[in-house]
Amino acid sequence: MSQRQVLQVFEQYQKARTQFVQTVAELATRPQNIETLQNAGVMSLLRPLLLDVVPTIQQTAALALGRLANYNDDLAEAVVKGDILPQLVYSLAEQNRFYKKAAAFVLRAVGKHSPQLAQAIVDCGALDTLVICLEDFDPGVKEAAAWALGYIARHNAELSQAVVDAGAVPLLVLCIQEPEIALKRIAASALSDISKHSPELAQTVVDAGAIAHLAQMILNPDAKLKRQVLSALSQIAKHSVDLAEMGVEAEIFPVVLTCLKDSDEYVKKNAATLIREIAKHTPELSQLIVNAGGVAAVIDCIGNCKGNVRLPGIMMLGYVAAHSENLAMAVIISKGVPQLSICLSEEREDHIRAATAWALGQIGRHTPEHARAVAVTNVLPVLLSLYMETESSEDLQVKTKKALKNILQKCTYLPALEPLLHDAPPNILKHVVGQFSKVLPHDSKARRLFVTSGGLKKVQEIKAEPGSLLQEYINTINNCYPEEIVRYYSPGYSDALLERVENYQPIL
Amino acid sequence: MATLARLQARLTGQWEEYFHRNRTVDEYRKVEHNAAVQIQSWFRGCRVRAYIRYLNKMMIIIQKWWRGYQGRKHFRKMVETAYFIMKMNFYNEMAVRIQKRWRGYYIRKYIHNYYALKKYLEAISVNNDIVRKELEEFAEMKEREKEKKDLEKEEKKKDHQARKMHYLLSTEQIAGVYNSPFRQSPDPMEVRLRKAKPFSYRRQQMKKHFTDEISDWLTCTSTLTFPSMKPLPPIGRQKPQGPFRDTAEVLQQRYKPLEPTLRVATSINSLEKAREEIKREEWRNRINDNKFLPFSSCHKNQDYDPLIHTSSKYGQMTYGIKHFREEHYEKWIANKDFETVFPSINLFNKFGQTYSKAGQIV
């Protein structure tokens, strides 16, 4: 009898513990409860429950801890300071798969907030156990372990190196080949986080044979998987020419172009980023992309998107055009310039506008043909207004000024230069006037047009220091016309005429 | 004597004449001398001048001939150089013409072939159009697939609804909600309800057991999986230069099949299984299943004799009964005993299986 009563006490206690831990885990899913939980000291209560005899209580306690640590980094620090991690790591090696999933969840939740917390996780030896979890048969355990490793490797290069040294990369590549889509996603995202820091890490990932599998997975219909795969490939390709060439050898073109037409915004953005990272290294790679029709696809993609999603596409056009004039001409032929000028007028964000201005400058700076193609779309006044606006950021002003300078130095299309005469500040004006002074002496029709459109009048009104370059240009222009006309248009001519009328003695 | 006297009378006058002559001679000696000197000097001068003139003439002739010779030599040289310069200019000009044509041809053909560039740009725009068309078709196809999928989902949802609400079907007597008598033909939902098979109660219960609260925040829901694909072969690329490892070694390392650690490879309940195994073996080898009981009647009346060494007149020594070893509790550092079971050391699992040959006997 008394034995049953004694056992009943224990049963009640176990039931109470189970209920407590399950309720806390439920409450921790809602963010508004977490503050209250923290103030009530839930961390110190959950800690001994991790060592509980009953496995379910252990697992649920770990799950609750994970949800708490996930919420903000103070709680994650409290988890680290409470010496919970060594216990978790130790049990991770021995327990069943539910506990492993929960413990890996806690490690992920702690490691995602800051590099110091991730370093704390590495210091307590969690990496080896996580890598052992990657060998497990259950895909959920593999996913949790891969997620935790990805979050740890995200912060900086040393942590990535630690993850690679623990031997995670070949196992991650194996995980990518698994049929489970979620596991593929997480493994691809972990590889992307590892390879983004330095060329050596990217080379390690490539040596494990990741590129072939990643390239195959571009064809997968799942949108989130495609995002991660494209991001991983672009992080690998961005470091050096060899890595980019390896990416290209894996025959990602022209498959990547179909990703540019995907309905998911981020897939388009990551595909554009990948193409940009490949295009920026050498002219040959850009040539390859142009020959595959990549430029047209990117231009269409820019037309369909809005906002930040456009940015990698715009930069890709700039990089392609920067390499050589033939490539810039290819961009022009693919109807890139009208699209870029639409972007310039539509977008409101300064960094996107700065990138567009830079790209236009790279296209227009090669020869007068290119400058003409850029100037015809009436984009020069827009650039000028962006340069003059006081609200533009410094970066935007610098980039628009450079773009304007580069285009103007080669522009011989006078109708586009006319509006600039009226509004430009002196440092831009001298380029505009310089171009006029180069073209006008040789072209009589242009001279006539210059006079009738009021350009000559405007030029006379410009005040320049004698001996400066601007004055020389003005003199060259004035020398193209007969003296009377120059005097007619010089300011104050009407006053001079009236003075002459006043001083004239009529012949009676 | 008379002659003498005459001579003497003439003599005195002669002595005056003689003195007079000598004096005049002396007087004019200087003048005459000077005159003679002058005449002689002038004559000598004429002779020397004539000689010099003669020498000059000769010199002029010699120099004339010499200068003529030098001048003609110089002129010849000038003519030669002028001719040479003329030739070189001509050659240069011709070379310029050749190089002009060659450079124009070469650059126009190989460096900046305008027509090839034009063709290339046209080809690019044609290619772009093709790519754009294909991408549009692809996007359209995707759109259509998505629409189809959405339609199918809608259909499935509606069917599911119909199956759940099968009781809304109209009967002979009572018209259902979807079969209003004022309508000309029944609502499509009514048709669905007619076709639907109602759910059984057991299925409703089964749904409740499905929630697994730990795995709901992970999206891998399938159970055990195995890697089904073989690892892909490497992308063909140029062999890197340099003394590197043997390819067979590298390939062996790179395509090593998965070697799970011993801990992973053993099943979870290997301990229980082993115990079962031992029990079964013992049962097999036993002849008699009855437990061997000691002969209790033998020693029924005997008292127990304690050991001499452990008993004293004050009672038994605790050694042998309460404790067996000497233990000094005050010397202990920690409260815990030694651990007897440890987790396996992962580092040693890697021995002999890593790439580097560290530690192996050469």
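The values are calculated or read from the model by the stated rules, or taken from the named source; none is laboratory data. All values derive from a computational prediction rather than experimental measurement. Cβ: placed from backbone, ideal geometry, glycine included. Neighbour counts: every protein chain shown.
Can we say A:Q14 is exposed (fewer than 10 other Cβ atoms within 10 Å of the Cβ) and part of a helix (DSSP H, G or I)? No, not satisfied. State which residue is surrounded by the most Cβ atoms within 10 Å (Cβ to Cβ) when the search covers only the stretch B:175-220 and only residues that are aliphatic (A, V, I, L, M) and either under 25 Å from B:E155 (Cα atoms) or modelled with pLDDT of 60 or more (or both). This residue is B:L193. Looking across the stretch B:110-159, the residues that are of a type in the set (F, W, Y) and either within 12 Å of chain A (Cβ to nearest Cβ) or within 20 Å of A:G336 (Cβ to Cβ) (or both) come down to B:Y114, B:Y120, B:F138. Quick check on the stretch A:316-326. Is at least one of its residues within 13 Å of chain B (Cβ to nearest Cβ), assigned to a helix (DSSP H, G or I), free of Cβ contacts under 8 Å to residues at least 40 places away in the same chain and under 23 Å from the mean Cα position of the chain (by Cα)? So far as the stretch A:316-326 goes, no, none of its residues is within 13 Å of chain B (Cβ to nearest Cβ), assigned to a helix (DSSP H, G or I), free of Cβ contacts under 8 Å to residues at least 40 places away in the same chain and under 23 Å from the mean Cα position of the chain (by Cα). Kindly check whether there is at least one residue in the stretch A:185-196 that is out of contact with any Lys or Arg (no Cβ under 8 Å at 6 or more places or on another chain), assigned to a helix (DSSP H, G or I), aliphatic (A, V, I, L, M) and surrounded by fewer than 24 Cβ atoms within 10 Å (Cβ to Cβ). No, that holds for no residue. Within the span defined as the stretch B:285-305, every residue fails to be within 14 Å of chain A (Cβ to nearest Cβ) and hydroxyl-bearing (S, T, Y). Considering each residue of the stretch A:219-233, count those that are closer than 22 Å to A:L201 by Cα and either in a loop (DSSP other than H, G, I, E, B) or touching a residue at least 60 places away in the same chain (Cβ under 8 Å) (or both), and give that number. Count: 0. Could you grab me the full set of residues in the stretch A:395-409 that are among the charged types (D, E, K, R) and within 20 Å of the chain's Cα centre (by Cα)? Those that are among the charged types (D, E, K, R) and within 20 Å of the chain's Cα centre (by Cα): A:D395, A:K399. Pull up the stretch A:109-148, narrow it to residues that are of a type in the set (D, E) and surrounded by fewer than 24 Cβ atoms within 10 Å (Cβ to Cβ), then point me to the one that is nearest to A:A64 (Cα to Cα). The residue in question is A:D138.
Residues that are more than 14 Å from chain B (Cβ to nearest Cβ) and either among the charged types (D, E, K, R) or under 15 Å from B:R263 (Cα atoms) (or both) within the stretch A:84-114 comprise just one, A:K112. Taking first residues from the stretch B:251-262 that are more than 8 Å from every other protein chain (Cβ to nearest Cβ) and partners that are of a type outside the set (F, W, Y) and assigned to a loop (DSSP other than H, G, I, E, B), the Cβ contacts under 8 Å between residues at least 6 apart in sequence or on separate chains come to B:Y255/B:P231; B:K256/B:Q353; B:E259/B:Q353; B:L262/B:S344. In summary, helices (runs of 4 or more DSSP H) completely within the stretch A:460-503 and bearing 1 or more residues that are β-branched (V, I, T) and exposed (fewer than 10 other Cβ atoms within 10 Å of the Cβ) occur at A:493-503.
Counting only helices (runs of 4 or more DSSP H) that sit completely within the stretch A:345-445, zero hold 3 or more residues that are at negative phi and in contact with a strand residue (DSSP E or B) (Cβ under 6 Å, 6 or more places away or on another chain). Listed by first and then second residue, the pairs with beta-carbon distance under 8 Å, at least 6 apart or on different chains, first residue in the stretch A:198-209 and more than 14 Å from every other protein chain (Cβ to nearest Cβ), second part of a helix (DSSP H, G or I) and of a type outside the set (A, V, I, L, M, F, W, C), are A:S198/A:S160; A:L201/A:S160; A:L201/A:Q161; A:L201/A:S195; A:A202/A:S195; A:A202/A:Q235. Say we look at the stretch A:285-311 and pick out the residues that are more than 12 Å from every other protein chain (Cβ to nearest Cβ) and part of a loop (DSSP other than H, G, I, E, B); which of these is nearest to A:A250 (Cα to Cα)? Ranking the candidates gives A:C305 first.
Scan the stretch A:233-256 and tell me whether some residue there is aromatic (F, W, Y) and farther than 19 Å from A:A292 by Cα. Within the stretch A:233-256 (the criterion being aromatic (F, W, Y) and farther than 19 Å from A:A292 by Cα), the answer is no, since none of the residues qualifies.
This table checks each residue for (1) loosely packed, with under 10 Cβ neighbours inside 10 Å; (2) over 57 Å from the mean Cα position of the chain (by Cα); (3) among the hydrophobic types (A, V, I, L, M, F, W, C).
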| position | (1), (2), (3) |
| --- | --- |
| B:G45 | no, yes, no |
| B:I52 | no, yes, yes |
| B:M59 | no, yes, yes |
| B:G71 | no, yes, no |
| B:H74 | no, yes, no |
| B:N89 | no, no, no |
| B:V96 | no, no, yes |
| B:K100 | no, no, no |
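For the stretch A:134-165, name all the residues that are within 12 Å of chain B (Cβ to nearest Cβ) and outside any helix (DSSP H, G or I). The answer is A:E135, A:D136, A:F137, A:D138. Scanning the stretch A:25-53 for residues that are surrounded by fewer than 23 Cβ atoms within 10 Å (Cβ to Cβ), part of a helix (DSSP H, G or I) and more than 14 Å from chain B (Cβ to nearest Cβ) yields a count of 16. If I ask for residues that are at pLDDT below 80 and assigned to a helix (DSSP H, G or I), which ones from the stretch B:255-279 would you list? Correct list: B:L262, B:R263. Residues that are loosely packed, with under 11 Cβ neighbours inside 10 Å and under 21 Å from A:A330 (Cβ atoms) were ranked within the stretch B:103-117; the one that is farthest from the chain's Cα centre (by Cα) is B:Y115. You will find that of B:H112, B:H166, the residue that is without any contact (Cβ under 8 Å) to a residue 12 or more places away in the chain and farther than 30 Å from A:S263 by Cα is B:H112 and no other. Looking across the stretch A:54-71 at every residue that is among the hydroxyl-bearing types (S, T, Y) and within 13 Å of chain B (Cβ to nearest Cβ), the one that is farthest from A:L27 (Cα to Cα) is identified as A:T56. Take the stretch A:237-274 and flag every residue that is within 11 Å of chain B (Cβ to nearest Cβ), more than 22 Å from B:E134 (Cα to Cα) and touching a residue at least 40 places away in the same chain (Cβ under 8 Å). Matches in the stretch A:237-274: A:E245, A:M246. Might you check whether a residue that is crowded, with 23+ Cβ neighbours inside 10 Å, small (G, A, S), closer than 24 Å to A:R108 by Cβ and within 14 Å of chain B (Cβ to nearest Cβ) occurs anywhere in the stretch A:166-175? So far as the stretch A:166-175 goes, yes, one or more of its residues are crowded, with 23+ Cβ neighbours inside 10 Å, small (G, A, S), closer than 24 Å to A:R108 by Cβ and within 14 Å of chain B (Cβ to nearest Cβ). Of the residues examined, A:V131 is not one that is closer than 29 Å to A:E249 by Cα, assigned to a helix (DSSP H, G or I) and β-branched (V, I, T).
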